1. May I ask you to list the residues in the stretch 6-25 that are within 14 Å of residue 275 (Cβ to Cβ) and not β-branched (Val, Ile, Thr)?
2. For the stretch 1-50, which positions are in contact (Cβ under 8 Å) with a residue 60 or more places away in the chain and of a type in the set (Lys, Arg)?
3. Within 17 Å of residue 116 (Cβ to Cβ), in contact with a Gly (Cβ under 9 Å, 6 or more places away or on another chain), aliphatic (A, V, I, L, M) and not assigned by TED's automatic domain parsing to the domain that holds residue 28: is that true of residue 258 in this structure?
4. For the stretch 15-38, name all the residues that are among the hydrophobic types (A, V, I, L, M, F, W, C) and either assigned by TED's automatic domain parsing to the domain that holds residue 155 or at pLDDT 95 or above (or both).
5. Looking at the stretch 284-303 only, could you name the residues that are among the charged types (D, E, K, R) and more than 17 Å from the chain's Cα centre (by Cα)?
6. Any idea how many residues of the stretch 26-54 are closer than 16 Å to residue 279 by Cα and surrounded by fewer than 17 Cβ atoms within 10 Å (Cβ to Cβ)?
7. Please state which one of 161, 240, 194 is more than 24 Å from residue 124 (Cβ to Cβ) and assigned by TED's automatic domain parsing to the domain that holds residue 306.
8. In this structure, is residue 57 polar (S, T, N, Q) and either at pLDDT below 95 or buried (at least 17 other Cβ atoms within 10 Å of the Cβ) (or both)?
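The values are calculated or read from the model by the stated rules, or taken from the named source; none is laboratory data. Quick caveat: nothing in here was measured; it's all calculated off a predicted structure. Cβ sites come from the backbone with ideal geometry, for glycine too, and all protein chains shown count toward neighbours.
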Amino acid sequence: MDRIRVGVVGVGALGQHHARTYAAMPDAELVGVVDTLPGRAAEIAGPLGTPAFTDYQSLFGRVDAVSIATPTTTHAAIGQEFLNEGVDVLVEKPISNSIEAAGHLVAAAETNQRILQVGHLERFNPAVRELRKLVTNPRFFEAHRLGLFSPRSLDIDVILDLMIHDLDIISLLVGHPPAQVDAVGIAILSRRIDIANARIHFSNGCVANITASRVSMEKVRKLRLFQANQYISLDYTRQDVSVFSLGGAAVGAGTPQINGCKLAPQREEPLKLELAAFLDAVRNRGPVECTGADGIRALSLALEIHDQAEKAQAREFDTR
């Protein structure tokens, strides 16, 4: 391949940035964008100098690879069609809204020997990449992902929309399956859970306390963790990592010495890094950073949190 022919299906709040990024990449040729809203497809396609379509099947035979940024409930069905057509697929997170559908998507990739990458964007955040070098055996996590209300992604709740980012990163860093999940959540401005908190006990004893909200007054994207003799704080938005470690000899009357430093890797757009990694996998036939199995792992944990939150809400109503 010289330039990889790519398309984007779904050019809403997130998909439009896939299209913009592909159009600027020298090793990609954006051959079309798709949206069921004709005006929206044309609005995004025009400035990028690419055709606009309202039917994703119009891309069959035109593309080598495609990004799917449609509503979550359609990810698996659309992804399978492209995989069956011999097209490599990057599907936005979450991989699907059900484990069964996600399994069919992964099976289609295996059957057709096609690339399937799941768009868990934070894996490409330079600060997360720096953090992964530091983590040894984390014992406790505290994560907050808060945002202003937006009409986007209301087909899913805040757990699948926002919390799943941190579920993926924490699961990746812990490396052990969850053993117990407790959660609460409530719908405020939509018909689905808009704010949720989960406490996850992993099989190795690590505990994670995670809060996600899409009805907050400010935007917060932070992850904190504790491991032996060390506290680490990551800011996803600023793309920096603060590290505090126990030092050598005690100071004064037995006060431990604490050494602190801030790591600020070169800022880069995670989406650009993600799409570049996808194209590299397409060109070299793998591997990918976030596999279908990784996507299913994050989805499974998110659905368990959703179920526990629903049960907690039902118990509250029963006691009234």
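1. From the stretch 6-25, those within 14 Å of residue 275 (Cβ to Cβ) are 6-8, 14-25; that's our starting set.
Matches in the stretch 6-25: 7, 14, 15, 16, 17, 18, 19, 20, 22, 23, 24, 25.
2. Within the stretch 1-50, 5 is the sole residue that qualifies.
3. Values: within 17 Å of residue 116 (Cβ to Cβ): no; in contact with a Gly (Cβ under 9 Å, 6 or more places away or on another chain): yes; aliphatic (A, V, I, L, M): yes; not assigned by TED's automatic domain parsing to the domain that holds residue 28: yes.
So residue 258 fails the test.
4. To start, the set of residues in the stretch 15-38 that are among the hydrophobic types (A, V, I, L, M, F, W, C) comprises 19, 23-25, 28, 30-31, 33-34, 37.
The answer is 19, 23, 24, 25, 28, 30, 31, 33, 34.
5. Initially, the stretch 284-303 is screened for residues among the charged types (D, E, K, R), giving 285, 289, 294, 297.
Listed by number, the list holds a single entry, 285.
6. Within the stretch 26-54, the first condition is being closer than 16 Å to residue 279 by Cα, and the residues that meet it are 26-31.
Now restrict to residues that are surrounded by fewer than 17 Cβ atoms within 10 Å (Cβ to Cβ): 26-27.
Matching residues across the stretch 26-54 total 2.
7. Of the residues listed, the single one that is more than 24 Å from residue 124 (Cβ to Cβ) and assigned by TED's automatic domain parsing to the domain that holds residue 306 is 194.
8. Values: polar (S, T, N, Q): yes; either at pLDDT below 95 or buried (at least 17 other Cβ atoms within 10 Å of the Cβ) (or both): no.
When the stated conditions are applied, residue 57 does not pass them.
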